[in-house]
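Beneath this line is the structure, given in structure tokens, with notes to follow.
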Amino acid sequence: MEARLALVVVALLASAPAGGANVFNAKNYGAKGNGVVDDTKPLMATWKAACGTAGAVTMMVPAGIYHIGPVQFHGPCKASTLTFQLQASRRSDHQSAACVPGTLKAATDLKRFGNDWIEFGWVNGLTVTGGTIDGQGAASWPFNKCPVRKDCKVLPTSVLFVNNQNTVVKDLTSVNPKFFHIALLSTKNIKMSGLKISAPSNSPNTDGIHIERSAGVYIMDTHIATGDDCISVGQGNDNVDVARVQCGPGHGMSVGSLGRYAGEGDVTRVHIRDMTFTGTMNGVRIKTWENSPTKSNAAHMIFENLIMNDVQNPIIIDQKYCPYYNCEHKYVSGVTIKDIQFKNIKGTATTPVAVLLRCGVPCQGLVLQDVNLKLKGQGTVSAKCENAKAKYVGVQLPKPCP
């Protein structure tokens, strides 16, 4: 009788208010977290209960390994704030204590997936924190034909935030996604910090954070080492602020690619600052497709206080972007680039052309201020320009285009 009473008390405590919040423990809804069973349904059931409760609510996923297939953590929710917490715990063996994170591990059978693995959608006041997201992408990467085929089947993104408002994502680790690590679609006011994002340098299309049709995106104090863009700012975004991000390996910090599809929106007010790039293909890049089916703007951007450590292309605007083999390069991009500033950028390039400004229609309002880039090893760096007349201020290495 006493043992049964103790179990009841433990269960009540696990779901009782803590610090003013209702806490819903996934273990109480059948999740095992033992790295063996499929915990998809228990996690969905926990979310349903948490989402349907008013007030400040926490969905807690205790330390352990939770194998799950596709999940949709969708609202709208009754909760005024909802925290999705992948918990860490301390385990002692009388000699040492190690922090063991809660880990969500993706199924490897691609037939189970659509475009995404984990979706957080239509929630206001969501916080996602702690733990590890493991996409187990290595088994899927050989099936990714997107680097060479336009009609490829897109593999699932690890975590998609769609149609959320007032979101916080912090202290989260993402490893080995099948496609993108994290994607933001139609989000408003999202703050991301303390993220650790990693995949092998040869993993295809594993962008760290991809952003589309969003406004008010803040990414701070994060380390990204992956096989594609560390951060990619796609179409239809406004007010994107990135600061103190370590990038590398990977393809760098990209705005684009833009102009491939009809109906794309403008990209405006992008501020990239205090970043370090190490061994990346590119540093900061704006890339647009030729022969765009619609016209749009990429405008009002500042890239400043950046360090390039052995980067192939530290500064690049490419309006003839095409990753495929049969590119004709005979059209003009429909994306107008204007009011772009590159300020206080220094370090080393691994190719002679350290600054490439290749515009379609002439770029407007380009400013390069205090650019100091040197070639790794022997030789000098140069700049190459096409339809790009820029204003140069302060130190300029390489020398400006004639």
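Here VAL335, VAL23, VAL240 are placed in order of increasing Cβ neighbour count within 10 Å, fewest first, which gives VAL23, VAL240, VAL335. Here is how the number arises for the chain: DSSP H runs of 4 or more residues each give -39500 (n - 2.57), the sum is divided by the residue count, and the result at 222 nm is -2000 deg cm²/dmol. If only the Cβ of Lys and Arg carry +1 and only the Cβ of Asp and Glu carry -1, the dipole of segment 21-397 around its Cα centre is close to 120 debye.
Under the combined filter of DSSP loop state and at most 15 neighbouring Cβ atoms within 10 Å, segment 95-201 retains these trypsin sites (Lys or Arg not before Pro): LYS145, ARG149, LYS150, LYS153. For segment 128-238, a crude dipole built from +1 on the beta carbon of Lys and Arg and -1 on the beta carbon of Asp and Glu, taken about the Cα centre, is about 240 debye to the nearest 20. Of THR157, THR83, THR129, the sequence from fewest to most neighbouring Cβ atoms within 10 angstrom is THR129, THR83, THR157. Given an 8 Å cut-off on Cα distances and at least 6 residues of separation, report the relative contact order of segment 197-241 as a percent. The normalised contact order for segment 197-241 reaches 50 percent.
The amide H of ALA183, built 1.01 Å from its N in the peptide plane, has VAL159, LEU160, PHE161, HIS210 as neighbours under 5 Å, considering only residues 5 or more places off or on other chains. Entry note: segment 21-397 has Rg to Rh equal to 1.00, where both radii use alpha-carbon atoms and Rh is the Kirkwood radius. Normalised by the number of residues in segment 21-397, the mean separation of alpha-carbon contacts (under 8 Å, six or more apart) gives a relative contact order of 8 percent. Relative to the longest principal axis of the Cα atoms of the chain, the long axis of helix 40-51 lies at roughly 90 degrees.
Selection among VAL162, MET275, TYR331 by position relative to the dipole of the chain gives TYR331 as farthest towards the positive end (Cβ unit charges, Cα centre).
Axis of helix 2-15 versus longest Cα principal axis of the chain: the two differ by about 30°, to the nearest ten degrees.
For the pair segment 232-286 and segment 174-197, the centres of their Cα atoms are 14 angstrom apart. Going from the fewest other Cβ atoms within 10 Å to the most, the residues TYR324, TYR218 appear in the order TYR324, TYR218.
Measuring between alpha carbons in the structure, the pairs from LYS320/LYS376; LYS41/LYS111; LYS27/LYS191 lying more than 25 angstrom apart are LYS320/LYS376; LYS27/LYS191.
Throughout, read-outs are computed from the coordinates displayed, never taken from laboratory work. As the structure is a computational prediction, the values presented were derived from the model and not from experiment. Ideal geometry is used to build each Cβ from the backbone, glycine not excepted, and the neighbour counts take in all protein chains shown.
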